[in-house]
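The values are calculated or read from the model by the stated rules, or taken from the named source; none is laboratory data. Values in this document were obtained by computation on a predicted structure and should not be read as measured data. Virtual Cβ from ideal backbone geometry, glycine too; neighbours counted across all protein chains shown. These accessible areas exclude ligands, DNA and RNA; they are computed on the full protein's heavy atoms, side chains included. Shrake-Rupley method; radii C 1.70, N 1.55, O 1.52, S 1.80 Å.
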Amino acid sequence: MLVKVLSDNVNEQLSRSRDQLRSVSTNRAGWQEEHIRSRGELNAARRSKPLWRQVLSVPSASEKLAAARADFSAREVVKAGRDVQDADRQVRQHGAGAHGEDLFALNLSALRDEWVMLRGYCNRRGETDCVLVGPAGVWAVEVKRRRVLLHAVGDRWFLQKLSARGNSFELEPAADRAGRSWPQQVGEIAQDLETWLRRQGHDVPVRTAVMVVHEQARVVECVGPGVDFVGTNPRQFMEYMTCGIDVPLLAADRCAAIVDLVVRDHKFHTGRRRSNKNRPRPR
């Protein structure tokens, strides 16, 4: 299988998350030092005040000021600690996503070179982890690296997170940050790509798959899932994609033309997003 990287957003997000973690960790260390210094100043102020103030526990002006500084720095240490926890969570989340995509690509590397994986395809409906083009058709695939039990029913999916020991938690929606369920997320992108290919003279369906690539993940319920394939084993997906469905085979020259169109569409939409992002906003 040939691999073309159109964009590497997941690793870019991981790099930004690591930078953010370093920044907030430095900030926390600074406030910890400030708190230690302010506590030292408070203790010194308490020792230096007159004996009668010490006996009657009457604070001096310098002690009040030092106490205020110590209290403020203590609150900032707690706040900075929360920031570190949030940043660390983002690093682990993005790291898991990058590992899941790499693991999926590695498992599909056994495909013949007639297949092309285009990683990080983007169109106006969003981005999906990869588009696969080969003799058995075109696939849009969303890859998740989650330790979950998945309930894939209709187009509204739910998941139960699992602890490292296998204990499950309450149901929650399987959705992206925009609130789209996983089948809706990949389905909208695939539909838009299919429309683009049809306009260019290639009337081929773009099939959809959601892969939850984790050793402990399981699909416990699957009823009309809204995608062509949902699973946790990339090898099973590869077998289904190449042998499990009866479709007309695409010739090599047609596959090459479709790959070029996918790349062209991706470049157009990423360029448009970049120009919209850099466009000055009216004041």
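Criterion first (modelled with pLDDT under 90, open to solvent by less than 60 Å² (accessible area, probe 1.4 Å) and closer than 30 Å to residue 241 by Cα) does residue 58 satisfy it?
No: the conditions fail for residue 58.
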Legend entry - Selection within segment 148-181 - at pLDDT below 90 and under 15 Å from the mean Cα position of the chain (by Cα): 176, 177, 178, 179
Legend entry - Enumerated strands (runs of 3 or more DSSP E) restricted to segment 34-146, each holding at least 2 residues that are touching a Pro at 6+ places or on another chain (Cβ under 9 Å): 137-144
Inset, instruction - Name every residue in segment 71-87 that is more than 10 Å from residue 31 (Cα to Cα) and polar (S, T, N, Q), in order of residue number. - result: 85
Inset, instruction - Identify the residue in segment 23-55 that is hydrophobic (A, V, I, L, M, F, W, C) and at pLDDT 85 or above and, among all such residues, is farthest from residue 73 (Cα to Cα). - result: 51
Inset, instruction - Mind listing just one residue for me: the one in segment 108-129 that is open to solvent by less than 40 Å² (accessible area, probe 1.4 Å) and among the polar types (S, T, N, Q) and, of those, nearest to the chain's Cα centre (by Cα)? - result: 128
Inset, instruction - Search segment 209-222 for residues that are of a type in the set (S, T, N, Q) and pair each with any residue that is in a strand (DSSP E or B) and open to solvent by less than 70 Å² (accessible area, probe 1.4 Å) when their beta-carbon atoms are under 8 Å apart and the residues are at least 6 apart or on different chains. - result: 216/162
Legend entry - Top-ranked residue of segment 214-244 - restricted to ones that are β-branched (Val, Ile, Thr) and in contact with a Gly (Cβ under 9 Å, 6 or more places away or on another chain), ranked as surrounded by the fewest Cβ atoms within 10 Å (Cβ to Cβ): 223
Inset, instruction - Could you grab me the full set of residues in segment 148-192 that are charged (D, E, K, R) and open to solvent by 30 Å² or more (accessible area, probe 1.4 Å)? - result: 155, 156, 161, 165, 170, 172, 176, 177, 180, 188
Legend entry - Unique residue being out of contact with any Gly (no Cβ under 6 Å at 6 or more places or on another chain), more than 30 Å from residue 259 (Cα to Cα) and touching a residue at least 40 places away in the same chain (Cβ under 8 Å) when the list is 32, 54, 13, 85: 32
Inset, instruction - Output the number of the condition that residue 24 fails; it satisfies all remaining conditions of (1) touching a residue at least 24 places away in the same chain (Cβ under 8 Å); (2) open to solvent by 50 Å² or more (accessible area, probe 1.4 Å); (3) not small (Gly, Ala, Ser). - result: (2)
Legend entry - Only listed residue being more than 19 Å from the chain's Cα centre (by Cα) and open to solvent by less than 20 Å² (accessible area, probe 1.4 Å), chosen from 132, 65: 132
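Using the structure shown, decide if residue 262 is at pLDDT 95 or above, farther than 30 Å from residue 167 by Cα and of a type in the set (Val, Ile, Thr).
Criteria met by residue 262.
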Inset, instruction - Of the conditions (1) farther than 30 Å from residue 274 by Cα; (2) open to solvent by 90 Å² or more (accessible area, probe 1.4 Å); (3) not charged (D, E, K, R), residue 30 clears all except one; give me its number. - result: (2)
Legend entry - Test set (1) surrounded by 22 or more Cβ atoms within 10 Å (Cβ to Cβ); (2) of a type in the set (Ser, Thr, Tyr); (3) without any contact (Cβ under 8 Å) to a residue 12 or more places away in the chain - residue 195 fails condition number: (1)
Legend entry - Flag if residue 84 is closer than 28 Å to residue 246 by Cα and open to solvent by less than 70 Å² (accessible area, probe 1.4 Å): no
